[in-house]
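I have placed the structure first, in the form of structure tokens, so that the comments after it can refer back to it.
The values are calculated or read from the model by the stated rules, or taken from the named source; none is laboratory data. Values in this document were obtained by computation on a predicted structure and should not be read as measured data. As a convention, Cβ positions derive from the backbone with ideal geometry for all residues, glycine included, and neighbour counts pool all protein chains shown.
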Amino acid sequence: MTTVVFDRVSKEFAQGTRAVDDLTLNVDDGEFLALVGPSGCGKSTSLRMLAGLESVTSGTIRIDDAVVNRVKPKDRDIAMVFQDFALYPHLTVRENLAFPLHLRRKPKSQIADRVRWAAEKIGILDLLDRRPATLSGGQRQRVALGRAIVREPRLFLFDEPFSNLDPMSRVTMRTELKQLHRELNTTTIHVTHDQEEAMVLGDRVAVMHRGVVHQCGSPQQIFCRPADLLVAQFVGNPPMNTLEGELVARDSQLWFHGKGGDWQVPQDCAQHLREPTGSQPVILGVRPEHVVVGKCDTGSMFEGIVESVEWLGPYSDIAIVLADRQRIYCRSHTCQVATGDKVRWSLAPHDAHFFEPNIDDHGDVTHYGRRLN
Ligand SMILES: Nc1ncnc2c1ncn2[C@@H]1O[C@H](COP(=O)(O)OP(=O)(O)O)[C@@H](O)[C@H]1O
Ligand SMILES: [Mg+2]
């Protein structure tokens with residue numbers, strides 16, 4: 001059984017960079033946690049602190065309820081896999097796999113058994129006598145994975161392990177890693193900048209930005225109920241559309257009054273919002289796959305002109321320009337429109353996301369607004 005707790009952990013580098021800012025995060029026993037965020041947001045630093053490769057500026061890290069801030073890396077019983085494989089080039093695959101066990105002075109017969117077990121688990125039995133230079137990127141990463149599992153550590157840390165692989169191998173490795181986790185059930189933290197990879201792999205996904213975790217939840221929670229605008233726009237491809245406007249209560253109805261059109265907020269959605277006194281500035285978010293062009297059951301609709309239609313096989317991506325020149329995207333499996341068409345569009349009540357607009361010192365809307373509904 002292995003659990004991990006980051007309790008208000010921060011990391012400041014000597015130059016003053018605050019790479020990780022007050023990180024609080026729990027990882028349950030056997031859980032696969034995906035930590036995702038853009039490059040430079042502090043993912044690697046968080047992992048490296050947990051592995052003991054980087055000191056902690058403040059806060060505590062606990063593994064199985066024991067504070068490990070000052071425990072040596074080799075005494076933490078963690079295996080880490082990096083982007084750049086880090087195999088020993090002069091050793092065969094077999095020797096690479098055996099290396100962590102030799103380090104721990106395991107008996108020879110046990111080493112041979114474990115190496116065979118790991119090689120079989122990850123499908124590299126036929127590569128055991130090869131050297132890394134003769135392997136493909138995918139095969140090398142498989143060996144790196146094998147070296148991580150061979151000694152059954154209590155915790156796996158993966159730092160962008162698939163970033164150097166071609167897209168096909170990346171998808172294959174992703175599926176295999178998920179399967180491996182199902183079999184071994186070892187607590188895992190997997191760092192990636194790829195939101196799709198995070199959503200596919202993670203039991204839970206933590207979205208990080210500038211050293212801060214904005215939300216940690218199941219992939220469904222992250223996608224369907226993003227906690228703020230940052231999460232809303234980071235997850236999903238193409239990103240969520242956002243419309244600036246205000247909420248106004250008029251004739252005992254709630255309206256979204258936007259520059260690109262008015263929308264009567266349906267009762268199902270309005271009940272989750274606090275009724276504004278006067279008007280309240282908000283941002284309405286709607287995912288491209290939830291934009292309904294043409295017929296829609298809800299009464300009020302937005303208008304716009306179709307700017308472009310990209311046919312992509314199973315669906316089309318449609319760009320629509322609204323009255324205020326704002327552009328929204330619609331991803332549709334069925335919609336038949338052409339460039340230049342004047343269209344009406346709307347959204348279902350449960351697909352509306354309302355956020356607080358956060359205004360910065362220059363009066364610009366920043367993308368940190370909290371979810372309101
Ligand atoms: N050893 C270091 N010294 C100074 N700054 C660092 C060091 N390592 C990372 N940083 C900085 O900390 C921030 C977070 O880096 P990192 O954790 O590597 O991000 P990520 O893995 O999410 O791309 C970045 O601004 C990076 O430049
Ligand atoms: Mg990194």
**Item:** Single residue of ARG76, ARG94 found to be within 30 Å of ILE222 (Cβ to Cβ), more than 16 Å from ligand 2 (Cβ to nearest atom) and more than 24 Å from the chain's Cα centre (by Cα)
**Value:** ARG76
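Yes or no, residue by residue, for (1) of a type outside the set (Val, Ile, Thr); (2) more than 16 Å from ligand 1 (Cβ to nearest atom); (3) modelled with pLDDT of 90 or more:
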position: VAL71; (1), (2), (3): no, yes, yes
position: ILE78; (1), (2), (3): no, yes, yes
position: VAL81; (1), (2), (3): no, no, yes
position: PHE85; (1), (2), (3): yes, yes, no
position: HIS90; (1), (2), (3): yes, yes, yes
position: GLU95; (1), (2), (3): yes, yes, yes
position: ALA98; (1), (2), (3): yes, yes, yes
position: PRO107; (1), (2), (3): yes, yes, yes
**Request:** Can you give me the ranges of the strands (runs of 3 or more DSSP E) entirely in segment 192-262 with at least 2 residues that are modelled with pLDDT of 95 or more and under 9 Å from the mean Cα position of the chain (by Cα)?
**Result:** 204-209
**Fill in**
Within segment 16-37, restricting to residues that are near ligand 1 (Cβ under 9 Å from one of its atoms) and in contact (Cβ under 8 Å) with a residue 60 or more places away in the chain, the one that is farthest from ARG204 (Cα to Cα) is ARG18
**Residue satisfying condition, being within 25 Å of THR3 (Cβ to Cβ) and of a type outside the set (Lys, Arg), within set GLU120, GLU176, GLU183** = GLU183
**Request:** Could you grab me the full set of residues in segment 164-184 that are farther than 20 Å from ALA119 by Cβ and either not assigned by TED's automatic domain parsing to the domain that holds PRO38 or not basic (Lys, Arg) (or both)?
**Result:** ASN164, ASP166, PRO167, MET168, VAL171
**Message:** Any residue that is among the hydroxyl-bearing types (Ser, Thr, Tyr), on the phi < 0 side of the Ramachandran plot, crowded, with 16+ Cβ neighbours inside 10 Å and over 12 Å from the mean Cα position of the chain (by Cα) - is there at least one of those in segment 175-183?
**Reply:** no
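Let's see how each residue does on (1) farther than 21 Å from HIS181 by Cβ; (2) of a type outside the set (A, V, I, L, M, F, W, C); (3) within 16 Å of ligand 2 (Cβ to nearest atom); (4) in contact with a Gly (Cβ under 8 Å, 6 or more places away or on another chain):
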| residue | (1), (2), (3), (4) |
| --- | --- |
| LEU23 | yes, no, yes, yes |
| ASP28 | no, yes, no, no |
| GLU31 | no, yes, no, no |
| PRO38 | yes, yes, yes, no |
| CYS41 | yes, no, yes, yes |
| SER55 | yes, yes, no, no |
| THR60 | yes, yes, no, no |
| ILE63 | no, no, no, no |
| ALA66 | yes, no, no, no |
